[in-house]
There are 2 protein chains.
Amino acid sequence: MPLTVAQRALVRFDGRGFVPAIVQQHDTGEVLMLAWMNEDALAETLERGETVFWSRSRGEAWHKGETSGNVQKVVEVVADCDGDTLLVRVDQRGRHGPGVACHTGARTCFQNPLEEP
Amino acid sequence: MPLTVAQRALVRFDGRGFVPAIVQQHDTGEVLMLAWMNEDALAETLERGETVFWSRSRGEAWHKGETSGNVQKVVEVVADCDGDTLLVRVDQRGRHGPGVACHTGARTCFQNPLEEP
């Protein structure tokens with residue numbers, strides 16, 4: 001199902017057709033990861049109720065957690081003021097518990113603080 | 001002051017020299033905005049302790065809040081697993097109170113939910 005006119009009007013894809021999507025755990029506020037969507041991935045995310053991204057390196061869509069079981073149930077998708085970024089509030093789940101967002105096995109991809117020199 | 005070798009090793013700038021920076025209020029977890037940094041903007045952010053971004057549209061650095069007073073005091077900068085996104089935890093302040101991140105006058109730039117059809 002394509003985006004509605006109202007949905008489409010809120011999002012401004014970049015010159016290559018992509019928009020960055022920040023993924024946040026809806027209740028704790030944890031920022032889990034950032035990935036990219038094209039229009040089809042966004043439409044599929046809304047239709048499925050689980051995140052689907054566009055892998056710019058592999059050049060293909062990926063349904064997050066399809067193989068690992070770490071799916072992200074979509075609570076809400078919110079566009080920013082100029083429509084060039086999405087905030088996707090999710091419930092990050094795993095097959096047997098809360099699950100992890102990161103391919104490293106960590107809950108969130110943000111694990112590497114830039115220490116003060 | 002340039003980035004240290006240890007800091008530089010954690011960040012992977014894209015082909016044009018940019019990295020997206022997610023800005024989050026450190027205590028409430030609110031995602032306030034996303035903007036872009038190049039290496040100089042990141043170095044200046046760390047040195048100043050306030051966010052400095054690179055405006056891709058204007059082609060210049062901007063010290064967030066310099067004119068509006070809505071500066072973002074940096075608490076922590078964290079790189080993600082593959083170094084191509086930064087999470088900047090801040091205290092969003094204004095001249096006379098908590099301040100706003102968005103040029104629209106809203107606390108956060110994320111105000112436009114994509115309603116279900």
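The values are calculated or read from the model by the stated rules, or taken from the named source; none is laboratory data. The shown structure was predicted, so the numbers you read here are calculated from the model rather than taken from an experiment. With ideal geometry, Cβ positions are generated from the backbone for all residues, glycine too; neighbour counts draw on all protein chains shown. Note: areas computed on protein heavy atoms with side chains; ligands, DNA, RNA excluded. Shrake-Rupley method; radii C 1.70, N 1.55, O 1.52, S 1.80 Å.
Summarising the strand pairing of chain B, around 80 percent of its internal DSSP beta bridges are antiparallel. For B:ASP14, the label point sits 7 Å beyond Cα toward Cβ; its separations from the matching points on the remaining copies run 0.1 nm, from shortest to longest. With the solvent-accessible surface defined on protein heavy atoms using a 1.4 Å probe, which residues belonging to the range B:87-113 display a reduction of at least 30 Å² in accessible area in the multichain context relative to the isolated chain? Those residues are B:LEU87, B:CYS109, B:PHE110, B:ASN112, B:PRO113. At a probe radius of 1.4 angstrom, the accessible area of the protein assembly as shown per residue rounds to 48 square angstrom. Once R0 is set to 35 Å, what does the formula 1/(1 + (r/R0)^6) return for the Cβ-Cβ distance between B:ARG48 and A:ARG56, expressed as a FRET efficiency to the nearest 0.05? Efficiency at R0 = 35 Å is approximately 0.65.
Proximity of backbone amide H atoms, modeled 1.01 Å from N, is registered between B:GLU50 and B:VAL74 at under 5 Å, excluding neighbours fewer than 5 places apart on the same chain. The residues of the range A:20-56 occluded by other protein chains by 40 Å² or more of accessible area, set against the chain on its own, are A:ILE22, A:VAL31, A:LEU34, A:LEU46; surface from heavy atoms, 1.4 Å probe. Dipole magnitude for the protein assembly as shown: computed about the Cα centre from +1 point charges on Lys and Arg Cβ and -1 point charges on Asp and Glu Cβ, it is near 20 debye. Excluding residues on the same chain fewer than 8 positions from A:LYS64, give the lysines whose Cα lies under 18 Å from its Cα. By straight Cα distance, A:LYS64 reaches A:LYS73.
Remark: label point of B:GLY94 defined 7 Å out from Cα along the Cα-Cβ vector; separations to the same position in other copies 4.2 nm, ascending.
How large a share of the accessible area of the protein assembly as shown, in percent, is made up of carbon and sulfur atoms when the probe is 1.4 Å and the other protein chains stay in place? Accessible surface attributable to carbon and sulfur in the protein assembly as shown totals 49 percent. Residue-level result for chain A: its Cβ closest to the axis carrying A onto B, with that distance in Å, is A:GLY29, 1.
Applying the Karplus relation 6.51 cos²θ - 1.76 cosθ + 1.60 with θ = phi - 60° to the range A:95-112 yields 3J(HN,Hα) values of 5, 10, x, x, x, 10, 8, 9, 5, 7, x, 7, 4, 10, 6, 8, 10, 10 Hz, where x marks Gly and Pro. Coupling constants for the range B:14-26 follow from the phi torsions by the Karplus curve (6.51 cos²θ - 1.76 cosθ + 1.60, θ = phi - 60°), and in residue order they are 6, x, 9, x, 10, 9, x, 10, 7, 10, 10, 5, 5 Hz; glycine and proline get x.
Computed from backbone phi, the HN-Hα couplings of the range A:39-44 come to 4, 5, 5, 5, 4, 5 Hz, rounded to whole numbers (Karplus: 6.51 cos²θ - 1.76 cosθ + 1.60, θ = phi - 60°; Gly and Pro given as x). In chain B, one over the average inverse separation of all distinct C-alpha pairs is 14.6 Å, which is the Kirkwood hydrodynamic radius. Distance from the C-alpha centroid of the range A:10-85 to that of the range B:73-117: 18 Å, rounded to the whole angstrom. Count Lys and Arg as plus one, Asp and Glu as minus one, and take only other residues whose Cβ is under 14 Å from that of A:GLY94; the net charge is then +2. Using a 1.4 Å probe over protein heavy atoms, the accessible area lost on pairing B with A, summed over both chains, comes to approximately 3000 Å². Mean sequence separation of contacting Cα pairs (under 8 Å, at least six apart), scaled by the length of chain A, corresponds to a relative contact order of 25 percent.
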